[in-house]
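Take a look at the structure below.
The values are calculated or read from the model by the stated rules, or taken from the named source; none is laboratory data. Note that the structure is predicted; figures quoted are calculated from it, not measured. Here the Cβ positions follow ideal geometry from the backbone for every residue, glycine too, while neighbour counts run over all protein chains shown.
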Amino acid sequence: MAPIRGAEIEQRRLVDGVYDGSYRHGPNSAMVRVTISGGKVVDIELIKHFASWKGDKANEIIPQRIVAEQSTDVDAVSGATNSSRVIMNAVQDALEKAYSE
């Protein structure tokens, strides 16, 4: 199971723009494009996600939860925990690029 790297998003440190992130754990991998506007995550595009058919259940739900909760540590989709965490961690990777010093 992929570890959770994320946490509540530090909005005051975000720089507006579009950032790519990726993460891989076991057979699952994800590549995302995250849009930051007004210091908030406003959109997450899942560019690639390699997972089983069960893992595909996380494709729409996890990005929606991250945007709604402004956190990369959200509830995983039941039956797709590893895929959920891989997507969360890919978004966290993008956010780390979006943080100002």
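Residue check: is residue 16 in contact with a strand residue (DSSP E or B) (Cβ under 6 Å, 6 or more places away or on another chain) and not β-branched (Val, Ile, Thr)? For residue 16, the condition - in contact with a strand residue (DSSP E or B) (Cβ under 6 Å, 6 or more places away or on another chain) and not β-branched (Val, Ile, Thr) - is met.
From the list 91, 34, 41, the lone residue that is modelled with pLDDT of 95 or more, closer than 18 Å to residue 1 by Cβ and touching a helix residue (DSSP H, G or I) at 6+ places or on another chain (Cβ under 8 Å) is 91. Within region 2-11, being surrounded by 13 or more Cβ atoms within 10 Å (Cβ to Cβ) and of a type in the set (A, V, I, L, M, F, W, C) holds for 2, 4, 9. For first residues located in region 38-53 and more than 19 Å from residue 26 (Cβ to Cβ), partners that are hydroxyl-bearing (Ser, Thr, Tyr) and part of a strand (DSSP E or B) and lie 6+ apart or on another chain with Cβ distances below 6 Å form the pairs 42/35; 43/35.
On the given criteria, is residue 23 of a type in the set (Ser, Thr, Tyr), under 16 Å from residue 73 (Cα atoms), part of a strand (DSSP E or B) and out of contact with any Pro (no Cβ under 6 Å at 6 or more places or on another chain)? In short, yes. Of all positions in region 58-71, at least one carries a residue that is under 15 Å from residue 13 (Cα atoms) and either touching an Asp or Glu at 6+ places or on another chain (Cβ under 9 Å) or modelled with pLDDT of 95 or more (or both).
Evaluate region 18-37: report whether one residue or more is of a type outside the set (Ser, Thr, Tyr) and free of Cβ contacts under 8 Å to residues at least 40 places away in the same chain. The answer is yes; a qualifying residue exists.
For the condition of a type in the set (D, E, K, R) and touching a residue at least 12 places away in the same chain (Cβ under 8 Å), residue 5 qualifies. Taken over region 66-91, the residue count meeting the criterion of being farther than 15 Å from residue 28 by Cβ and surrounded by 21 or more Cβ atoms within 10 Å (Cβ to Cβ) is 3.
Scanning region 37-88 for residues that are assigned to a loop (DSSP other than H, G, I, E, B) and among the hydrophobic types (A, V, I, L, M, F, W, C) gives 51, 53, 74, 76, 77, 80. Among the residues of region 12-49, the ones that are under 14 Å from residue 84 (Cβ atoms), exposed (fewer than 14 other Cβ atoms within 10 Å of the Cβ) and of a type in the set (A, V, I, L, M, F, W, C) come to 0 in all.
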